[in-house]
Amino acid sequence: MTDVLDAPKLSSPLGKPIKRTEDPRFITGQGRYLDDIKLQSMAHMAILRSPYAHANIRSIDTSAAKSMPGVVAVYVGADIPYNPMPMAWPAGGSAGLQNNISTPRTLATDSVKWTGEGVAAVVAETEAQAFDALEAIHVDWEPLPAVVDAEKAIADGAPQLHENAPNNKVFEWTVGDKAGTDAAVDGAEVVVRQRIVNQRLIPNPMEVRGNIGWYNPGTDEYTIWMSSQTPHIQRLLLAAFVMGIPEHKIRCISPDVGGAFGTKIFCYPDYAMVLFASKALGGRPVKWVEGRRESYGSTIHGRDHITHIEIAGKKDGEITGLRVKTLANLGGRLSTIGPGIPTTLYARVLSGCYKIPNVYAEVTGVYTNTTFVDAYRGAGRPEATYVIERAMDLFAAEIGMDRAEIRRRNFIQPDQFPYDNPSGLGTASGGAKIYIDSGNYEPAMDQALATVGYANLDAKKSEAKGRGKLLGLGLSTYLEVCGVAPSKWIGAVGEGWGAAMWESSNIKVHLTGKVVVTMGTQPQGQGHETTYAQVISHELGIPMEDVIVQHSDTQGTPFGYGSYGSRTSSVGMTAAVKAAGKIKDKARRYAAHMLEASPDDIEIDGAEYRVKGSPDRKKTFQEIAFALDLAFDAPEGMEPYLDETAYYDTPNCTWPFGTHIAVVEIDEETGVVELVRYVAVDDVGNKINPMIVDGQLHGGIAQGVGQALWEGAIYSDEGQLLTGSMLDYAMPKASGFPIFELGETVTPSPVNPLGVKGVGEAGTIASTAAVANAVVDALGGLGIRHLDMPYTSQKVWSAIQSAKGGQA
Amino acid sequence: MGEHISMTVNGAVRELDVEPRRLLVQALREDLDLTGTHVGCDTSQCGACTVHVDGKAVKSCTMLAVQADGAIVTTIEGMAAPGDGGALHPLQTAFWEKHGLQCGFCTPGMIMTAADLLANNNDPTDDEIRHALAGNICRCTGYQNIVVAVKAAAVVMAEPRGSAAPASV
């Protein structure tokens, strides 16, 4: 890594590895996360959660709990008049498509659908008293048969979760040309078929979720502090959809957020619960913080697909068709955008970076008695990448072609952009479309192959074999779609997303020349306070230390849709660039007034506004701000003060791509898989801060590797979560990773002025498939052509043993 | 109510009454308002609550507060030199300069564990660092820059005194 820099005083900080401005508070223990907040007279809430995966609630007796020490109140679902949680993104796009929707209520009323669904809440003076009182609540349960597996859930005779969802189907959604794909696949020279499982993951940001609700009886207004990626959206959803009150009656504040990875996008029942309780208690603030074990049932899970792949093509390696059927397990009820993930964000990018002419996918959303499933880092795109990258390897193995060569053979070529992929990105109704706008895939792959020494792979395998190790190398030439999204596309009729997706930024220039930038996006560890300041410092020609970046409070920031889908740099920061442009335009006009020149004759060089041809006639940005704030001499028609807001709706998504290569060694005796090298060449466009970009890649790669090697949520057939704590769920540790070797190509995005694409998810999208392909490559010599993740030593050892037995 | 205990926390004697079941991390966070020590799990896996007790790194969720009676406790708030503008501990500086943190939630525990490692091994290898941090989970960084930061701090701390670096406990 390049040495990091302190913020430069004169030259632009854009594109430089500037040390993060938010770090001093975090390294000294002065961060303020949700649970660090104490309010006067604050009470504590604990939630009683279902011990059954599927049960009816006959009755709940809270009388004993109410008389427990310190207990202030006990609530059950019937006490709460709110609507169920909203469904913001049902599956959409197909004619006649029906979504059978059931979302959670603040507390369950009649039945529970997974272990962990909330059924009662205790508010007490202390957290310990609240937990003590939970034990005294008696629920008369009627346990029901449960089903946790999506294939079993749609089978005849399966327990039924919801009356409105026959066979437990949330939706049956299709995309692409069925007839064309059927013809291409059924008539192909070569077809390879494989069932693959993309296992359920528990996201596990290090800070669990929590909220503090406060109702102010004097103003009839609510404030909620929430560990959220989307405070503005939560205000909208809670007010308009859940509580039925005017939006301006709720203020949402996200303090420092300790990681999120998608989990903190959504509208959770506990938000409504703390607000209800605070109002019921006459305005006492009520805090709730989930425990880690509790979070496995109260915060969303990710992935959980079962997919049948059919990939078709010619013996020369040309891929001509891809037919995919996926069952997406969405849990016992639906999270806020659960159905949108395995449909639009998955199936519409199934063909990756390849020009496959015929693609058709059927996706069935399924209810099971499990925790709800929604967007987890990458959200649909890791699942799609896993499908297509495994499929390419399977096809290459079938025809005996080199895995790099088959990718090269099928890449969309640089002169083929803009490219409409056939799984439907360009076919949204309403005239809106998004298309793959740019890319150059071979140089990234060639660089990665050279770095890893691909030409010497056979020699390396032989050397490892001599040490009792099976060496495998896996490629993942991924394509990501991020920077969501053009509003008219995401909101197109039939697409289903019920909102726009623009972003906003406001810039105020104080009398002293200090600049305050506010935005509608919401950091969770990405360093937005640094990167926004880099951009605005560059745009206005002022030192970074003069730029303060504020966010996370619906009071004081312009409305924004929040941070997820790797959209902050490409959408949010473009809004900030636009706002800076408005500031400069007004400053230019005022400079012209001060210098008695025409605005057209003012040239801007950093913070200097000069008369063209008379370089001595100039004003600094600070002088202009000072004079315009005082407004003693503002010209007719010009408003005082430099204060501009901009909104930006991107014309297209952005398309990062790259090649990741994993090298693993498997101990043939024990089945232990070791990741020994990891090479990543990514093209995320221009970089605002390459240090932060590298960090995003490191963390993203580790999360994807975690899925391949260790992680997986496991339920018993009865619906008990067997991986129910960090003791049982395998979180990646430092000792599991080599140094990641990062390279880059830079193809600026053509859709935004910064040329940025986004990097928050790329590592995760790419790395799972790279490691999976490496493990299967290592086992290929034993005749193993596929193995489902995670590659625990037990699973790999068993596969080796059965393969050897089969050979004997 | 509860038991009376006395601890020296970040150099100051602190007296408090705690329920016998109160964990050390709860006493630090809730009774002493030292919220830099975090709680990331409930099974002692994540290490976000790591502090030093009598000079050794301890997960403060694994100890009752009453067990710390009479102990010398250092938290992340006590790592920089005392006073306004006090010099950062070399590990704090290194985490900042090497981008060893993103969301920052695991960072205090990482720094406290790494300080214990460096007190016993002033020139650790990458492997030694990665194994020393086995009880500290980070979900953001992929650990790479944490390892880089600990190595960088080790170099600074191995230099002869004279820099402003305060001693680790």
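Compute the signed sum of charges (Lys and Arg +1, Asp and Glu -1) over the other residues within less than 13 Å, Cβ to Cβ, of A:Leu201. Net charge around A:Leu201: 0. In region A:463-576, the DSSP beta bridges split such that about 55 percent are antiparallel, to the nearest 5. The mean sequence separation of alpha-carbon pairs under 8 Å and at least six residues apart, normalised by the residue count of region A:187-319, gives a relative contact order of 43 percent.
Taken about its Cα centre, region A:74-215 carries a charge dipole of about 420 debye when Lys and Arg each add +1 at the Cβ and Asp and Glu each add -1 at the Cβ.
Span-like helices, chain A: DSSP H, alpha-carbon axial extent 24 Å or more, mean Kyte-Doolittle 1.0 or greater, which ones?
Once both thresholds are applied, what remains is A:762-780.
Here the relative contact order of region B:1-76, from alpha carbon pairs under 8 Å that lie six or more residues apart, stands at 38 percent.
Charges on Cβ only, +1 for Lys and Arg, -1 for Asp and Glu, centred on the Cα centroid of the protein assembly as shown; of A:Ile265, A:Val549, B:Gly100, which one is farthest towards the dipole's positive end? The listed residue farthest towards the positive side: A:Ile265.
Dipole magnitude for the protein assembly as shown: about 780 debye, using +1 per Lys or Arg Cβ and -1 per Asp or Glu Cβ, origin at the Cα centre.
To the nearest 10 degrees, how steep is helix B:144-158 against the longest Cα principal axis of chain B, on a 0 to 90 scale? Roughly 90 degrees between the two axes. A Förster radius of 30 Å, combined with the Cβ-Cβ distance separating A:Thr645 from A:Lys612, puts the computed FRET efficiency at roughly 0.50. Each of A:Ala121, A:Trp141, A:Tyr641 was placed along the dipole of chain A (beta-carbon charges, centred on the mean Cα), and the one lying farthest toward the positive end is A:Trp141.
Quick one: Cα centre-to-centre distance for region A:335-412 and region A:576-612, in angstrom? Computed from Cα coordinates, the inter-centre distance equals 49 Å.
Applying 1/(1 + (r/R0)^6) with r as the Cβ-Cβ distance of A:Val746 and A:Lys355 and R0 = 30 angstrom yields a FRET efficiency of 0.85.
The residues A:Glu127, A:Glu389, B:Glu3, when put in order of fewest to most other Cβ atoms within 10 Å, stand as B:Glu3, A:Glu127, A:Glu389.
When the helix-only estimate is applied to chain A (DSSP H runs of n ≥ 4, each -39,500 (n - 2.57), divided by the residue count), what is the mean residue ellipticity at 222 nm, nearest 500 deg cm²/dmol?
Taken over chain A, the calculation gives -8000 deg cm²/dmol.
Arranged from fewest to most other beta-carbon atoms within 10 Å of their beta carbon, A:Thr764, A:Thr299, A:Thr670, A:Thr620 become A:Thr670, A:Thr620, A:Thr299, A:Thr764.
Is region B:18-125 rounded, prolate or oblate when judged by the Cα gyration tensor, a ≥ b ≥ c being the square roots of its eigenvalues, rounded requiring a/c under 1.5 and prolate requiring a/b larger than b/c?
Prolate, because a/c is 1.5 or more and a/b exceeds b/c.
Taken along the Cα-to-beta-carbon direction at a fixed 7 Å, the label points for A:Asp61 and A:Asp728 span 3.0 nm. Dipole check for region A:131-213: with +1 at the C-beta of Lys and Arg, -1 at the C-beta of Asp and Glu, and the Cα centre as origin, the magnitude is about 300 Debye. Normalised by the number of residues in chain A, the average gap of Cα pairs under 8 Å and 6 or more apart makes the relative contact order 15 percent.
Given the rule -39500 (n - 2.57) for each run of at least 4 DSSP H residues, summed and divided by the residues of chain B, what is its mean residue ellipticity at 222 nm, to the nearest 500 deg cm²/dmol? Let's see the in-between values first.
Working: 4 runs with 44 residues, N = 169.
Mean residue ellipticity, 222 nm, calculated: -8000 deg cm²/dmol.
When both bridge partners sit in the protein assembly as shown, DSSP labels roughly 80% of those beta bridges antiparallel.
Applying both filters, DSSP loop and at most 13 other Cβ atoms within 10 Å, to the trypsin sites (Lys or Arg not before Pro) of region A:589-682 gives A:Lys612. The shape of the protein assembly as shown comes out rounded: with a ≥ b ≥ c from the C-alpha gyration tensor, a/c is under 1.5.
Qualifying GluC sites (Glu not before Pro) in region A:534-618, where qualification requires a DSSP coil assignment and no more than 13 other C-beta atoms within 10 Å, comprise A:Glu596.
Just rank B:Cys61, B:Cys138, A:Cys353, fewest to most, by other beta-carbon atoms within 10 angstrom.
Result, fewest neighbours first: B:Cys61, A:Cys353, B:Cys138.
Values quoted throughout were computed directly from the atomic coordinates according to the rules given, and no laboratory measurement underlies them. Here the structure is a predicted model, which means the values were calculated and not measured. Here Cβ is always computed from backbone atoms with ideal geometry, including for glycine, and neighbour counts include all displayed protein chains.
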